[in-house]
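Structure record follows, encoded as structure tokens.
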Amino acid sequence: MKRPLIVIPARFSASASALRYGAVVTARALSGAVLRAGGEPLTVHPDGAELDERFAFAEGVLLPGGGDLDPSRYGHASRDESVYDVDAEQDEFDLAVARWALRTGRPLLAVCRGMQVVNVALGGTLEQHMASPHRHLVHTVTSTWGEQEVSCYHHQRVDQLGAGLVPVAHAADGTVEAVRLADPAGWFLGVQWHPEDTPSQDGLFRQLVAAAQASTVPPSQVTPICR
């Protein structure tokens, strides 16, 4: 069976050990998880222009983790001193990819920053810095499909939910740990944790790949949920 093509938006990196200059990178664990799940992971250069043309081949999207979104993207006039690795070009690209995937109904798995990007793309907001950040933390979350141990690394979290988003998992401190859409155009799941850290979470990548294999949504489909 043909492997569905899963786009993973690249991250800008100031350096990489095998390269002389700045790099565009994808986390090896994420790429490997997609491959193990039966998909073909493809890293795409961050440029938000002409996505309908550039992403026409994409059968699924994995929106990965990374640095913080600029708080101005969700209406905050000031930036907490804890906010890090803000990149305007990266923000613009990730938000464009999220809106494109939701608009066209492409299967979308959004991880950590990726979930926050989707929330902001749909008009939601973030808490810039949690009182007790979930960094280097393995903890229990309670979801609509049961309790599970997950690996987290984040200091921000969803504050106000974006239009159409429904929380489907929470941590003990009330943090929204996963979201779905009430009326999706295609398969979508956003998780605040890092499923690539834990082999028991490989099922999420298999769900993405299975949805990509089954998807027949035409690239021109438009839904009303995207701002």
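The values are calculated or read from the model by the stated rules, or taken from the named source; none is laboratory data. Remember, predicted model here, so these are calculated numbers, not experimental data. So basically every Cβ, Gly included, is an ideal-geometry build from the backbone, and we count neighbours across all protein chains shown. The area values use the complete protein model at the heavy-atom level, side chains included, leaving out ligands, DNA and RNA. Shrake-Rupley method; radii C 1.70, N 1.55, O 1.52, S 1.80 Å.
Looking only at residues in region 52-95 that are acidic (Asp, Glu) and assigned to a loop (DSSP other than H, G, I, E, B), which one is most open to solvent (accessible area, probe 1.4 Å)? Spell out the reasoning first.
Restricting attention to region 52-95, the residues satisfying the condition of being acidic (Asp, Glu) are 52-53, 59, 68, 70, 80-81, 85, 87, 89, 91-92, 94.
From the residues that got through so far, the ones that are assigned to a loop (DSSP other than H, G, I, E, B) too are 59, 68, 70, 80-81, 85, 87.
Numbers: GLU59: 53, ASP68: 8, ASP70: 37, ASP80: 61, GLU81: 183, ASP85: 115, ASP87: 55 Å².
Per the stated criteria, the residue is GLU81.
For beta carbons closer than 7 Å, sequence separation of 6+ or different chains, a first residue in region 68-83 that is farther than 15 Å from GLN116 by Cα and a second that is modelled with pLDDT of 95 or more and not in a loop (DSSP other than H, G, I, E, B), the qualifying pairs are ARG79/PRO71. Restricting region 23-51 to residues that are free of Cβ contacts under 8 Å to residues at least 24 places away in the same chain, within 16 Å of the chain's Cα centre (by Cα) and open to solvent by less than 80 Å² (accessible area, probe 1.4 Å) leaves a set whose member that is nearest to LEU95 (Cα to Cα) is VAL25.
Highlighted here would be strands (runs of 3 or more DSSP E) found entirely within region 118-190 that include at least 1 residues which are loosely packed, with under 14 Cβ neighbours inside 10 Å, polar (S, T, N, Q) and within 18 Å of the chain's Cα centre (by Cα), but there are none.
Quick check on SER17: is it under 25 Å from VAL86 (Cα atoms), open to solvent by 60 Å² or more (accessible area, probe 1.4 Å) and at pLDDT below 95? Reasoning before the result, please.
Details: under 25 Å from VAL86 (Cα atoms): yes; open to solvent by 60 Å² or more (accessible area, probe 1.4 Å): yes; at pLDDT below 95: yes.
Yes: the conditions hold for SER17.
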